[in-house]
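The values are calculated or read from the model by the stated rules, or taken from the named source; none is laboratory data. Predicted model, so just to flag it, every value in this text is computed and none were measured. All Cβ positions, glycine included, derive from the backbone under ideal geometry; neighbour counts span all protein chains shown. SASA here: full protein model, heavy atoms, side chains in, ligands and nucleic acids out. Shrake-Rupley method; radii C 1.70, N 1.55, O 1.52, S 1.80 Å.
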Amino acid sequence: MTAATTKIQRSGPAIRAALAEASPDECAQLEAEFAEALARAGAEFDLAPPEAVLDRWWGIAAIRANTLSKQEQEQEQEQEQEQEQEQLARARAEDFTGLWERDEAGSWTQLRDVALQTGLAGDRASTTPASRLRSGSRSTSGSSSCWRTCGASPARPTTRRPTSGRPPMAAAPG
């Protein structure tokens, strides 16, 4: 089954019309941002601000005008459930590699297995979550790790749960 795609021209009136029909609240946001960008353009004699607003809202208008079909929504939901179950199985098997947690400073850090770092793959059973190394990469966006959202709460040392924000998406097992 092929769904028809609604194409939105990249012009202010076309973007505004598409948002007015699909998402009136966002249309009001577009109008406010565009008015502010026009004021800056007049003051700076530069059309870049209104062009940037149109670029941003053109994509949003196209997404709102072309919602997923019921079949596509069901497929997406099934994929999310399968991924969640895979992450849950990894957490139950105490494989936390690639998951994210907050450190003492409140920043997100990705967990790495000591066995991966030192080549002690045979000694994996004695590797506890507390002995895992952190990669040092920090981020504050994305979706949460399995053991925080799926209910798989492995025995962990006193690690504070996040009070706000969400960790980045967990890395695929590899």
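Quick notes on this one:
- Hits in the stretch 47-61 (condition: within 21 Å of the chain's Cα centre (by Cα) and open to solvent by less than 80 Å² (accessible area, probe 1.4 Å)): W57, G59, I60, A61
- Test result for A22, of a type in the set (G, A, S), open to solvent by 60 Å² or more (accessible area, probe 1.4 Å) and more than 30 Å from R112 (Cα to Cα): no
- Unique match (being open to solvent by less than 60 Å² (accessible area, probe 1.4 Å), on the phi < 0 side of the Ramachandran plot and assigned to a helix (DSSP H, G or I)) among A43, A28: A28
- Only a single item in (1) within 22 Å of K7 (Cβ to Cβ); (2) within 19 Å of the chain's Cα centre (by Cα); (3) surrounded by fewer than 13 Cβ atoms within 10 Å (Cβ to Cβ) is not met by R64, and it is number (3).
- Count of residues meeting criterion [open to solvent by 80 Å² or more (accessible area, probe 1.4 Å) and outside any helix (DSSP H, G or I)] in the stretch 67-82: 1
- Test: R90 is charged (D, E, K, R), assigned to a helix (DSSP H, G or I) and in contact with a Pro (Cβ under 7 Å, 6 or more places away or on another chain): yes
- Screening A4, A17 for residues that are part of a loop (DSSP other than H, G, I, E, B) and not polar (S, T, N, Q) leaves exactly one candidate, A4.
- Any hit, the stretch 117-126, residues being modelled with pLDDT under 85, charged (D, E, K, R), open to solvent by 70 Å² or more (accessible area, probe 1.4 Å) and part of a helix (DSSP H, G or I): yes
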